[in-house]
Amino acid sequence: MHEYISYIVLLPFIGFLINGIFGKKFSEKFSGIIGSSAVGITFAIAVMIFFEMLKLPVEERSHIVTIFSWIAAGSLSINAAYQVDQLSILMTLIVTGVGFLIHVYSIGYMHGDKGFWRFFAYLNLFIFMMLNLVLADNFLLMFLGWEGVGLCSYLLIGFWHDKKFDTGGYKTGEATTSDAAKKAFVVNRIGDFGFLIAMFLIFNLFGTLAFEDVFSRASAIIPIGDTTMFWITLLLFLGATGKSAQIPLFVWLPDAMAGPTPVSALIHAATMVTAGVYMVARCSVLYALAPASMEIVAIVGIATAFFAATMGLVQNDIKKILAYSTISQLGYMFLGLGVGAFAAGIFHVMTHAFFKALLFLGAGAVIHAMHDEQDIQKMGGLKSKMPATYKTFFIAALAIAGIPPLSGFFSKDEILWKAFSDGSVVYFIIGWITAGLTAFYMFRLVSLTFEGKERWSHDKHPHEAPKVMTVPLIILAVLSVVGGFVGIPHALGGGNAIEQWLEPIFKRANLHLATGHHSGLTTEYLLMILSVFVGVAGIYFARKLYLQNPELVERLTTSFRNIHKLLWNKYFVDEIYDATVVTPIVKGSDKLLWKGFDVGIIDGIVNGSAKLTAWISSWMRKIQFGAVQNYAMVFVLGIIIILGILILK
Amino acid sequence: MNITELFAIAPIISITIVSLIVLLVEALVKRSEGLSYWISVVGLVVTAYFAIATLPLIGTAFNRMVTVGGFGSMFATLFSIAALLTIILSKDYLQKEHANFTEFYLLILFSTLGMMLMASAADLIVIFLGLELMSICLYVLAGFLRKKVLANEASLKYFLLGAFATGFLLYGIALLYGASGTTNISFIVQNSSTLSASPFFWIGLGLLLIGFAFKVGAVPFHMWVPDVYQGSPTTVSGFMATGAKAAAFAAFVLIFLHPQSENSEQVKTVLAVISAASMIVGNIIAISQSNIKRMLAYSSIAHAGYMLAGLAAGNQLGKTGILFYLVTYTFMNIGAFGILSLLEREEDKNLTFDDYAGLGFKRPFLAALMAIFMFSLAGIPPFAGFFGKYYVFVAAINANLTWLAILGVLMSVVSVYYYLRLTVLMYFKEGDMQIEGIISKTSLAVLTIAALIIIQLGVYPSSILNIINNLN
């Protein structure tokens, strides 16, 4: 069955070609069906492969399927090959499964848009690239997918390229979604640069880019704490911070919300942004050999989780809140990876994909119903107008808040527990506070949007979304509830199936990791109770404040004016980047590099040599005078020269 | 002669029969061009089939006059495909020029037969036979649009200089025969170390080399190329630039890259000098052309130069590189000339660079195809043209001809100017090209296939490399 993996990758690409080339002539329905079924069939094949893998004994589950020899140049030999194993099939299921639901949802959401077919073509292309990313068996193919999803992200953020877009004040003048797209692209370039350098270093060190070879060699010959390995893993992680929106490169994700909401759900919540997590997990062996990098991953993760959550507390744009929440949850995943709980990190990728996609799609339904209004201060009381959206949104909010037995509880708790037992108490405490903040801002969002008084003008008539949008919501809601059951910890009598499933992937890394001091069951129960408590407390305070005491909110805001201002402006990170990085580079490039160096020196040389060549060219063409006798004369001259060389040697 | 030998040269027999059928149809049927067109198309497909089927064969046939299978069959496949594409693209063109006559198809078929003979020759006489058959047909084809002054000029110039070159070639064969007592290629090549004592051997070899260099359009035997390509029917120019050039390169490879020999230093020097001169002259003069057909003519001189670099290298990689190059070059050049032929209008309209301004907006699909062909000709990845250049240059470096590889890369940079100039004009300038009349779906389909093959070979070069490397 695993041989069919190439179809998995190919189908979305065919979908992209069909819609991309002929889409203009298709009806909306047809475009939507082509786009969705390309991903739906892919998902079905992935499920079949998954079940076949389940039947196989553990050691036979991993396969490499070579499609063709891609590049062969000197000692560099790279195959276009896919690695089908426990980790990649799980990612494939998430990407295609959630992707399929979002495709279906988009049929309803994008209805009436003049770029309907283009939208589906891009979405299919994205799925194709994402599958290359997660299925690649070598760094280069992964990088192709990595760049490809970046491109799709760019195209889709700027999908409505002339639409106005609110930067939140850090940029003066009018901005359009193209600016947001550009920002995402440029920020990601910095990360990609790290990825590239890391790849060069890996090739230099091991002479190959294939995962299997690199990991087995690294495991065998590289000592723990090796300096080169530290730089490789750190640079790879720089790539991950770009793609997965971590400190210091997280700034693009909130702006990426300028794209259509299904895009935010698919790319900027469920799949692409988790690519960094996947990549670090895939390279777990390398990280295990570089403890210092792991420490950095954990610290960056927990810091991002915390700061993003605080920024989410005060935002009013429904999608921005979800964006900060995504950044924060990704931080949790990296915390898990950083303390060596790779399986827990991937587990959270999965549950997060369910509930965050659901939250975004729910938000999309709301925005749709409110005629493109995104400010939650201008919403309220939508509960009765949109019952299905409300209920599913509520479930997702409970899941992210970590209320048992919903999916978010198990994965987040697993990370916090591992952070405590294999990391440090500090990680746990900050993670624990963040969990409370998460519950708080999520229920602030729920309360302000769906409950309480209606704060919208009555020329709007909010209505429930059509079936094609609500059915995906319901399916995702079910997944958000039950999705965590695959990872019930031993302490609660479960088998932690997902950790067992992924165990062979991380076996090599775990060999190098010192996991020793296991705290007892009592501690585990205690921490669990603590985290449920903080989740419930967050929900309680949010509802108390925003439903019953809106005046108190006002008062709190005024008395903590400075903190509020700091959070409202997102710690001024954008402004700081603008002043320290963007402006000097722009000015420097403009004055010095462009007008001085480029125009003066480079262009001078280039244009000079071009002019010289053109001059020689116009001179030389005169030899071609057209008379056949002269042609023959040149011919004879040639003969004399050639025979001269041959005979005289 | 026996049946096995006949089967062994099945592609040659097949194309001969097809040619003869068309000849008869021409004589017996009135208004036969439609029928001949279809016979030619089907016949070429059948020939290509036979050529592929005979690929695994090894050895020689007919008293060591021709080699069978392998190399010759690969080229037979290439020639059949080139002829097929040319014929399909020509139909519209000839109707437009009011010159749709059966003779056209007949001449293309006969010249294809000549090319196949050249590529599967085991004897100098067969090479000469094939070369003459091919050339005479091409002289006529060059002047096929006989009411045009330029066409007459092209035909006459081509004939005069061609005859001139043939004289030298034949003289070279005679001298080699004189020096060695045989015209068998293997024998001459194997005994080259003993033969090389005689100056006649060197003169003979030199004249042979000059004869082929004329056919590939290498400097300084290139003077005919721009005038002939410009005056010939556009699709025929494409055919000359690909089929005829490939046939001459096949002959080159048969003698100068023979598996049982190694080129002496002076042959290597001569080839390297010709290669360098072709790259420089072709690319630099191409810059100042305003007529796209002439630009492509100079570009084809430059491409001959790149391929000669692989020949000068004289190693296995060079051979692989040339063959790969020829395959890709056939598709991109027939493609480029094909588009020219579709857009060309009577009295040589729509042939200058300026005419192509704004094509990207008016005919986005055609313009995209043209852009693909141009990018590939310029050698920009992921198109096939890149790998062709890559292999011949690497071969040159391996053969200690680093200077030639560097020159080649520099000249490729120069070539980017005139290839991209067309692309820039198509997409960034407004223009007022008049393209009335429909462009046939068949032609578009053929061009699309050519473009897809270029992309496929560029993304996945191993597909054809495996075949080339397994040739015997």
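The values are calculated or read from the model by the stated rules, or taken from the named source; none is laboratory data. Model, not experiment: these values are computed from the prediction. Positions of Cβ are backbone-derived with ideal geometry, glycine not excepted, and every protein chain shown enters the neighbour counts. The protein model used for the area step is the full one, side chains on, heavy atoms only, and it has no ligands, DNA or RNA in it. Shrake-Rupley method; radii C 1.70, N 1.55, O 1.52, S 1.80 Å.
Summing charges over all other residues whose Cβ lies under 11 Å from the Cβ of residue A:24, with Lys and Arg as +1 and Asp and Glu as -1, gives +3. Here the accessible area is traced with a 1.4 Å probe on the protein chains. For the range A:347-409, carbon and sulfur cover 60 percent of it.
Using a cut-off of 19 Å between Cα atoms, the listed pairs A:25/A:114; A:114/A:243; A:183/A:243; A:183/A:591; B:96/B:148; A:114/A:163 include A:114/A:243; A:183/A:591 as exceeding that distance.
Using a 1.4 Å probe on the protein chains only, how many percent of the accessible area of the range A:1-129 belongs to carbon and sulfur? On the range A:1-129, the fraction of accessible area on carbon and sulfur atoms equals 68 percent. Other residues whose C-beta falls under 13 angstrom from the C-beta of residue A:139 contribute a net charge of -4, scoring Lys and Arg +1 and Asp and Glu -1. Each part gets one Cα centre, and for the range B:1-62 versus the range B:86-128 those centres are 12 Å apart.
Comparing Cα centroids, the range B:310-389 and the range A:357-404 end up 55 angstrom apart.
Can you give me the % of accessible surface on chain B that is carbon or sulfur? Probe 1.4 Å, all protein chains present, nothing else counted. Its accessible area is 68 percent carbon and sulfur atoms.
Going down the list A:383/A:412; A:320/A:565; A:55/A:356; A:356/A:378, which pairs span over 21 Å between their C-alpha atoms? Listed pairs above 21 Å: A:383/A:412; A:55/A:356; A:356/A:378. Between residue B:150 and residue A:627, the simple label model (points 7 Å from Cα in the Cβ direction) yields a spacing of 2.3 nm. Normalised by residue number, the volume inside the convex hull of the Cα atoms of the protein assembly as shown is 194 Å³ per residue. Using a 1.4 angstrom probe on protein heavy atoms only, the contact between A and B buries about 3000 square angstrom of accessible area, both sides summed. Using only side-chain charges placed at the Cβ, +1 for Lys and Arg and -1 for Asp and Glu, the dipole size of chain A relative to its Cα centre rounds to 1320 debye. Solvent exposure of residue A:459, expressed as accessible area, is near 110 Å², computed with a probe of 1.4 Å over the protein chains only. Going from the chain on its own to the full set of protein chains, the range A:604-636 has these residues losing 40 Å² or more of accessible surface (heavy atoms, 1.4 Å probe, no ligands, DNA or RNA): A:613, A:617, A:620, A:621, A:624, A:628, A:631, A:634, A:635. Computed per residue of chain B from DSSP H runs no shorter than four, each worth -39500 (n - 2.57), the mean residue ellipticity at 222 nm is -25000 deg cm²/dmol.
Solvent-accessible area per residue in the range B:268-381 equals 21 Å², computed with a 1.4 angstrom probe and all protein chains kept. Calculated [222 nm] ellipticity per residue, helices only, for chain A: -22500 deg cm²/dmol; basis is -39500 (n - 2.57) per DSSP H run with n ≥ 4, divided by all residues, nearest 500. Summed over the residues of the range A:1-129 and divided among them, the accessible surface reaches 42 Å² per residue at a probe radius of 1.4 Å. Straight-line reach from residue B:362: taking Cα to Cα under 14 Å and skipping same-chain neighbours fewer than 8 places apart, the aspartates and glutamates in range are B:430, B:432, B:436.
Loop sites here are chymotrypsin sites (Phe, Trp or Tyr not before Pro) outside DSSP states H, G, I, E and B with no more than 13 other Cβ atoms within 10 Å. The longest part of chain A free of them is A:1-559. Taken over chain B, the ratio of Cα radius of gyration to 2.2 N^0.38 Å equals 0.92. Using only the Cα atoms of the range A:1-129, each taken as one equal point scatterer with no solvent, compute I(q) by the Debye sum, divide by I(0), and report log10 of the ratio at q = 0.12, 0.20, 0.21 Å⁻¹. Computed log10 I(q)/I(0) values: -0.52, -1.03, -1.08. Relative to one another, the C-alpha centroids of the range A:12-42 and the range A:588-603 are positioned 46 Å apart.
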